Structures are given as structure tokens and as C-alpha cells.
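Let me begin by presenting the structure, written as C-alpha cells, before commenting on it.
The values are calculated or read from the model by the stated rules, or taken from the named source; none is laboratory data. Predicted model only: the values in this text are computed from it and were never measured. Cβ atoms come from the backbone with ideal geometry, glycine included; neighbour counts cover every protein chain shown.
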Amino acid sequence: MTRGIRGATTVAENRADLIVENTRRLVEEMVTKNNVSPEDVSHVFISVTKDITAAFPAKGLRELPGWTYVPVMCMTEIDVPKSLKRCIRVMMIVNTDKKQTSMNHIFQNEAIHLRPDLAREEDNTR
């Protein structure tokens, strides 16, 4: 069956190096905390807030070994007033036998405020 793993992070500035690096770090943690390999991943959706334009965050995934053939799509998040700025959200769809409640959703930097109910205690220290 497939399950979704949520992840989100923020960048301090709209800079290509920060966008790529923070996305790569986020996905690495999502993969590690959920024991996922690239072959387990069906596809990945990445959304960014309208203030992120310096790079495609998917480039961060392409730096990971084995991710060449994983389908990834980037898009713009809806622009809700007073929402979190410079935010990158990842929805990773994986093939797994794990229960929905066993999935570890990862929130880094200012994104820990998005879903405190899903963020694990150790994730809130970033």
C-alpha cells in the first residue's frame, strides 16, 4: 500500500544554495526516520511559498544517491494571508506496510509551527 510522509522546512533567504541544501536535508531526514529507500518512493510533490523563486527544490533530491528516477514535481503553495514565509513543503508517497500512525513526519526550522501535532519531540529542537 502507499502512504504519505509529510515534511516541511524554511529558508532564511531566497537563495538557490539554501533552497537546495535545506530541501536535501529535509528529505534525508524523512528517508532516515522512515527507513525509506528510493525504490520505495512512488513520487514526491514539493510546494513552495511564492517568495521562493531562486531554485527548484527538487534539485536537492537529485543530489541524493539513487534518486535519479524518482518522479518529483514542484509547484507553488496557495498564498494564504499571514502564512509562513519562505517555506518548502514535501509530500513523499511511499510503498510500505507501515500503519499510517507509524509514519514519521518531519518539520525543520520555522516549519515546526505548521503541524505541532505531527512534529515529534526530537524534531522541535531544530
**Study point:** Residue match in segment 20-35 (condition: over 15 Å from ARG6 (Cα atoms), outside any strand (DSSP E or B), over 14 Å from the mean Cα position of the chain (by Cα) and touching a residue at least 12 places away in the same chain (Cβ under 8 Å))
**Key:** no
Study note, to complete from the structure: The correct count of residues that are under 14 Å from PHE56 (Cβ atoms) and in contact with a strand residue (DSSP E or B) (Cβ under 6 Å, 6 or more places away or on another chain) in segment 1-36 is 2
Point to revise | Answer from THR53, THR49, THR76 - the residue that is in contact (Cβ under 8 Å) with a residue 12 or more places away in the chain, surrounded by 17 or more Cβ atoms within 10 Å (Cβ to Cβ) and hydroxyl-bearing (Ser, Thr, Tyr) | key: THR49
Exercise for review: Scan ILE52, ILE46 and give me the residue that is modelled with pLDDT of 95 or more, in a strand (DSSP E or B), in contact with a Cys (Cβ under 9 Å, 6 or more places away or on another chain) and not aromatic (Phe, Trp, Tyr).
Suggested key: ILE46
Practice item. Run down LYS85, LYS98 and say which single residue is surrounded by fewer than 16 Cβ atoms within 10 Å (Cβ to Cβ) and closer than 19 Å to ASP17 by Cα. Key: LYS85
Revision key, fill the gap. A careful count of residues in segment 56-100 that are among the aliphatic types (A, V, I, L, M), in contact with a Lys or Arg (Cβ under 8 Å, 6 or more places away or on another chain) and assigned to a loop (DSSP other than H, G, I, E, B) gives 1
Review point. Which residues, taken from segment 22-37, are more than 14 Å from MET91 (Cα to Cα) and surrounded by 15 or more Cβ atoms within 10 Å (Cβ to Cβ)?
Key: ASN22, ARG25, LYS33
